[in-house]
Structure formats: structure tokens, C-alpha cells
1. Could you go through the stretch A:128-143 and let me know if any residue there is hydrophobic (A, V, I, L, M, F, W, C), within 14 Å of chain B (Cβ to nearest Cβ) and under 17 Å from the mean Cα position of the chain (by Cα).
2. Here is a list: B:ALA198, B:ALA186. Which entry is free of Cβ contacts under 8 Å to residues at least 24 places away in the same chain and more than 11 Å from every other protein chain (Cβ to nearest Cβ)?
3. Determine whether the stretch B:33-44 contains at least one residue that is in contact with a strand residue (DSSP E or B) (Cβ under 8 Å, 6 or more places away or on another chain), assigned to a loop (DSSP other than H, G, I, E, B), within 13 Å of another protein chain (Cβ to nearest Cβ) and free of Cβ contacts under 8 Å to residues at least 40 places away in the same chain.
4. Considering only the stretch A:191-226, state which residues are among the hydrophobic types (A, V, I, L, M, F, W, C), assigned to a loop (DSSP other than H, G, I, E, B) and out of contact with any Phe, Trp or Tyr (no Cβ under 7 Å at 6 or more places or on another chain).
5. I'd like to check something: does the stretch A:108-120 contain any residue that is within 14 Å of chain B (Cβ to nearest Cβ) and modelled with pLDDT of 95 or more?
6. Suppose the filter is of a type in the set (Gly, Ala, Ser), more than 29 Å from B:ARG205 (Cα to Cα) and in contact (Cβ under 8 Å) with a residue 40 or more places away in the chain; does B:ALA100 pass it?
7. Out of the residues in the stretch A:50-66 that are among the polar types (S, T, N, Q), more than 7 Å from chain B (Cβ to nearest Cβ) and assigned to a loop (DSSP other than H, G, I, E, B), state the one that is surrounded by the fewest Cβ atoms within 10 Å (Cβ to Cβ).
8. Regarding the stretch A:86-96, can at least one residue be identified that is farther than 26 Å from A:TRP144 by Cβ and either small (Gly, Ala, Ser) or without any contact (Cβ under 8 Å) to a residue 24 or more places away in the chain (or both)?
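The values are calculated or read from the model by the stated rules, or taken from the named source; none is laboratory data. Every value quoted in this text rests on a predicted model; they were computed, and no experiment measured them. Positions of Cβ are backbone-derived with ideal geometry, glycine not excepted, and every protein chain shown enters the neighbour counts.
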Number of protein chains: 2
Amino acid sequence: MTNETELVNYGIVLYPAFQALDVFGPLDVLNMVSFSNRLNLHIIAETMDPVSTKPQVMNNSGSDFGESVVPTHTFTEPPEQLDVLIVPGGVGTRSDEVTAPVRAYILEAFPNVKYFLSICTGVGMVAQTGILDGRRATGNKRSWAWVTAQGPNVNWVPHARWVEDGNVWTSSGVSAGIDLMFAFVAKMYGEDLASELALGMEYERHVNPDWDPFAEYWNLTGSSEV
Amino acid sequence: MTNETELVNYGIVLYPAFQALDVFGPLDVLNMVSFSNRLNLHIIAETMDPVSTKPQVMNNSGSDFGESVVPTHTFTEPPEQLDVLIVPGGVGTRSDEVTAPVRAYILEAFPNVKYFLSICTGVGMVAQTGILDGRRATGNKRSWAWVTAQGPNVNWVPHARWVEDGNVWTSSGVSAGIDLMFAFVAKMYGEDLASELALGMEYERHVNPDWDPFAEYWNLTGSSEV
């Protein structure tokens, strides 16, 4: 199958205490796209050391529980070319120390990518950079107050599974990233491929971007669009 | 919150070309359980080298796309104690060379765990060991013919999102592992925690183990139970 979209080089940023499913939901969809289309993945972090999901704060349980993923590039020696950049969320987004190098890289990379995707609380971190200003975007619904406070000039959409605004796609919390990615694959590579992959992954997609029972649960049904 | 179940030490096996969401769907749920309950995670593989999702076969697309995860233990120097062992699926299960050391470890570990969970085509690999003989189990529905052929003495349940048989839980393909894990957490740690985590992850659970439109799609509605 020809990759008509010419989207070959994908990148994802990792930082300590990222949310595993924000990363591996969308990436597992792309892993399967890569079986039939030529795609390269670049995993970009502050250093080449493995990056753990383990929170450095918020964990008073005595647990030792997390997964570490190996980067392929660093923020200071990033891939030469990226067509698509993905920014996940996680509790790490709440630490300015953690996010400072991530935000610097996002600002540098954003102008050169064809598509920019962000998920969950990652959208709040992205909003801090200003690149969402004047755009429509959504994010994690339980953390909606925090997410929206990070970008007072963003046209926040409170009731949305995901939002597409030009080349910027943002999703609601965690598992919403899977629906965003299936929608992205459907648009870029065709609905047939998206449907086939969802069938293989036994995933019941939410195909309506306005589906959002979580916004309703948190009483976020009003619009903050300006 | 007290961990009344006394399930503290979790283990998951990794092998080359595992399916990312088989692993990180269930683990992301457990990552969040570990915020309020003391849980330890052990990631067990053949060596301490990072293990990649990248298929060694089945990929003629020219892609270079995959994620590598860092083990904490090896099959020959495994964790001293495991309460729960999780076995994911993936195209790696189709290679006897890949699965031989995994199956040897599963046979060794199984008698000593309190619960044994397997997902997707991982169930086929587990069936090869014989430990599912005489038990009810399900697995990936697109690969149903292959999965069931691996264990002629298993009581295969073709129409199921997941199946619980004593201390052995098995799930249908890929994303079904998320529903299995939420059901497991609900049973072991309480429905309140499972509901709260699904809300935070903005995940719409399938709470009925018999929900299975994929079995219907593949015309697997008949029962092979003996």
C-alpha cells in the first residue's frame, strides 16, 4: 500500500512520569500501520537513558511499579526530519523541572512538522508554550481546570473526545488518544485500514469526536470557546 | 488503602515482537492502582536487554517502527516471589524460537502464582505449555483458529471478552486485556477503585465478560466447550 500522505517520520516525546496508555495506545495503532506502510518511529527524551512511567511525587503507597522505555534521540540531538510529533500526558506534566526541556523542544520542532498531536494532560503542557493560542483544543477532563489554565488564549472545547484544528489534533484523557489516532489513521491512510486495525485490536472505536460522557460527568458541557 | 488481597508482586513476561497494547493497557491500569496500593512490578525477559515490539518477520514495509522496554529480571534469574503473572500476546508468539524460553519460564512460575492472566495470542502460547488443559479460556478472535489449535484439551470459549476460570484469567484480542484488567481490579481491590480509575483514564469499560462483537464478526458464536 502506498503511503500517499507522505507521513513517514513519526516522533513522540517522553519525560519522567508519562502516562503509559497515552503513549502506547496511539503507538500500538501506528505499530500496526507500519506493517503495511513505511513508517519510522523516533522516541525523543532529555537523555538517552530509559524513561520511566514511575511518578517521582504523588506516590505514598510504597509501590515500586513502572515501565521504562528506551529513547532513540534526545532533545538536543533530535531527528533531522519529523512529519508527525506526538506529545503524551502524565503526572510528569505537573513539574516545571520535568517539562522545561520538553517544552523547549516542542517550540523548536513544531514549525517543522506536518502534524502535531497531543493527548490528555500533555495538551496542558503544550498550551504553556503558546503554540495552541487561537486554536481549538481539548484535553483531560478530570484535570480540565488545570489544562485550561495553562493556555488562557486557547479556544478550549470542553465536550470533545478529540479536536482537529488544522494540523493540530488534541484529545481528551488517556484512552481518548486511541480514538484520536484511529481518526488520524482513517484520514491519512484511509478508513479501510483504520477499520481493519480496530478489528484486529478488538477495539470498539468512538468515531464521533463529540462523544464525551466524561465532560458530562464533570459538568463541563458548557463551551469556553471565544 | 489497605491491599486486602495481598497481591503485591506483579510480573509480566516480555519477548521480541510483543503487542504493545497487550502489555500497556493492563499495566497502565495497574500503574494507577499502585498510586493507592503497594504494588511492585517485575518485567521478565530472556536477557536484561531492552525488548522491542518490532516484528522480525511479517514486516515487508521497510518500516523502522517499534518501542523497546527495559526488563527488571530474566527467566533464569526471576523474581523470588510473584503473586500475579501476566502473559501478553503479539506476533512473536508465532516463533517457536522466541517462545521456547518464555514457555519454560511460564511452566516454572505458574504453580507458585496466586493469579495467572493472559491476553490475546499470548493465550495460544500459554496453551502450548498444557497449563490451560481442562480449563475454560478465550483468546484473540481473528487468530482463533491458531490460538485454539495450540491447546486441543482446553475448553475454549469462543464468545467472550474475557474468561475467569479459578485463578486463571484469559482475554480476547489486544484491547480486551484492558477490560480483563479492570474486571480483575474490581474483584481484587473493589469496584469503587476500578470505576474511579476508568473515569480518570476516560475509558468506557466493557463490564460484561460475554460482550464480544468480534466473535460474531468472525462467526465464532458456536461453543467448542467439551
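1. no
2. Only one candidate passes the filter, namely B:ALA186.
3. yes
4. A:MET201, A:VAL207, A:TRP211, A:VAL226, listed by residue number.
5. Let us first name the residues in the stretch A:108-120 that are within 14 Å of chain B (Cβ to nearest Cβ), namely A:119-120.
Next, only the ones that are modelled with pLDDT of 95 or more stay: A:119-120.
The answer is yes, given that some residue of the stretch A:108-120 is within 14 Å of chain B (Cβ to nearest Cβ) and modelled with pLDDT of 95 or more.
6. On the way: of a type in the set (Gly, Ala, Ser): yes; more than 29 Å from B:ARG205 (Cα to Cα): yes; in contact (Cβ under 8 Å) with a residue 40 or more places away in the chain: no.
In short, no.
7. A:ASN60
8. No, the conditions are met nowhere in the stretch A:86-96.
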